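What follows is calculated from the coordinates using simple rules that are stated; it is not laboratory data. Fair warning: this is a prediction, and the values are worked out from it, not measured in the lab. Virtual Cβ from ideal backbone geometry, glycine too; neighbours counted across all protein chains shown.
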Amino acid sequence: MQKPLLVLALNSGFMSVAAENVILVSIDGLRWQDVFNGAQLDIIENKEAVARPQQVKKDFWHKNLQQRREKLMPFFGIL
């Protein structure tokens, strides 16, 4: 299993520009497990946690880890 690698590069020219606005994005309740592993089958099948488990499984579950990540978090496709 390949581990994701995140590389951050800072350009000194970029850092010298003063920003007029700052945008802060906050996600409440985001679990790191969901970001890296996609939807978890044990949570999907928990009838106390999910009202329509068959629909949620159809929409967000896949046996392939990469596909599962992309279904749940399509904008985090770089991981």
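Rounded, prolate or oblate: pick one for segment 30-79, where a ≥ b ≥ c are the square roots of the eigenvalues of its C-alpha gyration tensor, a/c under 1.5 means rounded, and failing that, prolate if a/b is larger than b/c, else oblate. Please list the in-between numbers first.
On the way: a/c = 2.24, a/b = 1.72, b/c = 1.30.
Prolate is the answer for segment 30-79, as a/c is 1.5 or above and a/b outweighs b/c.
Trypsin sites (Lys or Arg not before Pro) within segment 18-79: which are DSSP loop residues with at most 12 other Cβ atoms inside 10 Å? Walk me through the numbers on the way to the answer.
Numbers: sites: 31, 47, 57, 58, 63, 68, 69, 71; in loops: 31, 47, 63.
Here the sparse-neighbourhood loop sites are 31, 47, 63.
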